[in-house]
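Here, each number is a calculation from the coordinates, and none is a lab measurement. Remember, predicted model here, so these are calculated numbers, not experimental data. Backbone-built Cβ (ideal geometry, glycine too); neighbour counts: all protein chains shown.
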Amino acid sequence: MLTIAGKTFRSRLFTGTGKFSSPRVMKEALLASGSEMVTVALRRVDLHDPADDIMAVLDRDRFFFLPNTAGARNAAEAVRLAKLARASGGGNWVKLEVTPDPRTLLPDPVETLAATEELVKAGFVVLPYMNADPILALRLQDAGAAAVMPLGSPIGTNQGVLTRFQVAIIIEQARVPVVVDAGIGAPSHAAEAMEMGADAVLVNTAIAVAGDPVRMAQAFAKAVEAGREAYEAGLGARRTEAEASSPQTGLDFLR
Amino acid sequence: MITIFCNGESRRLDRVMSVEELMVSLGLNPETVVAELDGRILSRPEYAVTPLADGATLELIRFVGGG
């Protein structure tokens, strides 16, 4: 069981709700994923399409909502979005995202730390999206982050855990749960992060844009479970030289 | 006739109405919409008792799919 800020989760797969082809496909995929926590974004209501309401299909009793601050380019914008999310009755959890550059969508470490400090003081449970910087992870943890969410690779790139070396250090040092977020493009990537000891992964694009999002959600669920089980079972050490699996004795009759 | 600015567009109202009345007239479910009036976030109980004054700036926000 995973515990973040006193709340327990059976599933270590968190799922995003963006980019799905329809609300029906999204709902089916989320159910197939087994996820208990889903991320959502906040946007202006489209007054020309008032019926386009994600809350009409998402059951808040079934899924715990983690509103994000996606679109914020600085701490002030992120704090404003977080407060709007809280006012919506969405609880006081927030996935803090501050991404000033729309080309890379890489998180701003200075603004993210400032926003974490402010939101923690305001009573939020803050899960900051961050670059895979071990020192920053410690700073965010010290500022009161309930978990840290280092990126595997940039958002939506499906490139996997390119930050493996840094993520390993973050996991080794963290006193709060580590959720690898962004860039997880295949179940094997999710399994890799879990084998390394990540507490959870957050996946959106890879499921949403799959040929069959429902089956892909199931595949991710299995990969996350397999990766976690392997981590708990204890992986054998990596070696640079071969070591025979078969006995090296009892071969005298050959020569 | 009063004019308000709602989600970046000017909108004429033929009478003073509350935030909740406006939401309903726009076909929105007030339970799933957050309102920010002149920069201040309203609590849900305020929707029905907060009138929209001439020149008010209202932002109506809600959850959408996101990662």
To the nearest 0.05, what FRET efficiency results for A:Ala76 and A:Arg239 with a Förster distance of 45 Å applied to their C-beta separation?
0.30
Take peptide A:81-88, look around each residue's Cβ out to 10 angstrom, count Cβ atoms belonging to other protein chains, and average those counts.
4
Provide Rg over Rh for region A:176-255; use the alpha carbon set for both Rg and the Kirkwood Rh (inverse mean inverse pair distance).
1.25
Starting at 0 and stepping by 20 Å, how many percent of the alpha carbon pairs of the protein assembly as shown end up in each bin?
31, 50, 15, 3, 1, 0
For region B:2-61, the Rg and Dmax computed from alpha carbons only, in angstrom
10.1, 26
Quick note on A:Lys95, A:Lys19, ordering by fewest other C-beta atoms within 10 Å, gives A:Lys19, A:Lys95
Ascending count of other beta-carbon atoms within 10 Å, so fewest first, for B:Asp14, A:Asp199, A:Asp133:
B:Asp14, A:Asp133, A:Asp199
Given the C-alpha centroids of region B:43-62 and region A:178-255, what is the distance between them in whole angstrom?
51 Å
Cα extents of region A:46-150 along the three principal axes, largest first, in whole Å?
44, 31, 21
